[in-house]
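The values are calculated or read from the model by the stated rules, or taken from the named source; none is laboratory data. Because the structure is a prediction, the values reported are computed rather than measured. Heads up, the Cβs are rebuilt from the backbone with ideal geometry, glycines too, and the neighbour counts pull from every protein chain shown. Note: accessible area is taken over every heavy atom of the protein model, side chains too, but ligands, DNA and RNA are not part of it. Shrake-Rupley method; radii C 1.70, N 1.55, O 1.52, S 1.80 Å.
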Amino acid sequence: MNAAPSRRKVPAWLPQTAGYCLSAGCLLWVLHGYPLDELLPAIQDLDWKWVAIAVASDLSVYVSHAWRWNTLLSPVARLKLWRTVQAIYIGLFANEVLPLRVGELIRCYLLAHWNNLRLSLGFASAAVERLIDGFWMLLAFLITASFVSGIPREITILVQVLGVLLIAGAVTLVWVVYRKREAHAALHESRWSATFRHVVEGLHLMGNFRTLSYTALISLVYLLLQIFTVYALMKAFRTDLSFWVAGGVLTIVRLATVVPNAPGNLGLVNVACVMALRLFDVETQDAKTFSIILFGALTLPLLAGGAVATALTGVNIGEIRDRARSGMGGPAPAAAAPENE
């Protein structure tokens, strides 16, 4: 018998290695020619009142994220706010310490497990979140592009691709919500039909106008809090850049870091921040310094909060990741739930 030709698979190590190489190259570019001995004085010269405000604002971002997620899922289940905050923190913590952004999988797994929901429903809600975020981010980019010249062509192409994907996603969502029978019929013969049926059911429940409207408004609050965090750090850095400039910097940084890379977007977030600030006539050395301060101010509190949130589950982040992966194929193990429940 002739053996059927096997399909070539991408080696498991390749995406992770490519991500690390990308981040390493970006970090080397940022540090090349940078006077490290001037970093500590720059940190000491910060206005720490504004640093505290920035950290508080960044923490409120995750609370608003949980509020939004609970609102989106309110037609399906009533969720506890702080439980959702914990799931988000653990997911973001995983993105900071583990490669390939497994945090999305982990937060959906924990939310589904702790609230006895299907994991596919968690994925469906996360997809709707990202769709709404994408539209707000696209609008923010258009506003930024209206008063800034010289935006890198690569970013513009990325935004154009994002726009096409967003339109396709929105059309799919509307079709699923208003053509439920046709959606079920289209998936009837699929290998993953059972899973997709649960996703369709979840989208249909979440897809009412009132829920999506509230979710979109909360998403705007979510974005504005992120912009204010960057603005507060700019004030701490003693610059006179405006809130709109902070919005432009955040937009470019978020778009540039869509590409999977090393944990915490190390290196890539710095390059994106420097490129964005240069568009607003900030000196390269000052832009590099601010990118390091931005990375530290946003990452260190998240690491601390994520470590506490993870510790409350009674297992380490690697075990949670493994259980989230295994949970995709069957019932979630009870051991990942916090011990105090």
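At-a-glance table
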quantity: Ratio Rg/Rh [Cα only; Rh per Kirkwood] for the stretch 47-117; calculated: 1.06
quantity: Label point 7 Å beyond Cα of residue 14 along Cβ direction - residues of the stretch 254-296 with amide nitrogen under 11 Å; calculated: none
quantity: Prolate/oblate/rounded label for the stretch 222-337 (Cα gyration tensor, a/c 1.5); calculated: prolate
quantity: Cβ-defined net charge surrounding residue 137, 14 Å radius [Lys, Arg +1; Asp, Glu -1]; calculated: 0
quantity: Principal semi-axes in Å for the stretch 23-87 [√(5λ), Cα gyration tensor, largest first]; calculated: 39, 18, 7
quantity: Cut-off 16 Å (backbone N to label point 7 Å along Cα→Cβ of residue 319), residues of the stretch 104-148; calculated: 110
quantity: FRET E, pair residue 74, residue 240, Förster distance 45 Å, beta-carbon r, rounded to 0.05; calculated: 0.60
quantity: Carbon plus sulfur fraction of accessible area for the stretch 1-124, probe 1.4 Å, in percent; calculated: 64 percent
quantity: 1.4 Å probe accessible area per residue over the stretch 46-120, in Å²; calculated: 39 Å²
quantity: Within the stretch 229-312, trypsin sites (Lys or Arg not before Pro) in DSSP loop having at most 16 other beta-carbon neighbours inside 10 Å; calculated: 238
quantity: Net lengthening on full extension, residue 284/residue 59 (0.36 nm per residue, minus Cα-Cα); calculated: 78.1 nm
quantity: Residue-wise HN-Hα coupling along the stretch 310-325, computed from phi with Karplus coefficients 6.51, -1.76, 1.60 (Hz; x: Gly, Pro); calculated: 5, 4, 5, 7, x, 9, 7, 5, x, 5, 4, 4, 5, 6, 5, 5
quantity: Residues of the stretch 244-335: accessible area per residue with a 1.4 Å probe, Å²; calculated: 40 Å²
quantity: Three-way shape label, the stretch 5-125, alpha-carbon gyration tensor, a/c 1.5; calculated: oblate
quantity: At most 16 other Cβ within 10 Å, DSSP loop - trypsin sites (Lys or Arg not before Pro), the stretch 58-88; calculated: 78, 80
quantity: FRET E, pair residue 307, residue 38, Förster distance 30 Å, beta-carbon r, rounded to 0.05; calculated: 0.45
quantity: Accessible surface of residue 239 - all protein chains present, 1.4 Å probe, nearest 10 Å²; calculated: 40 Å²
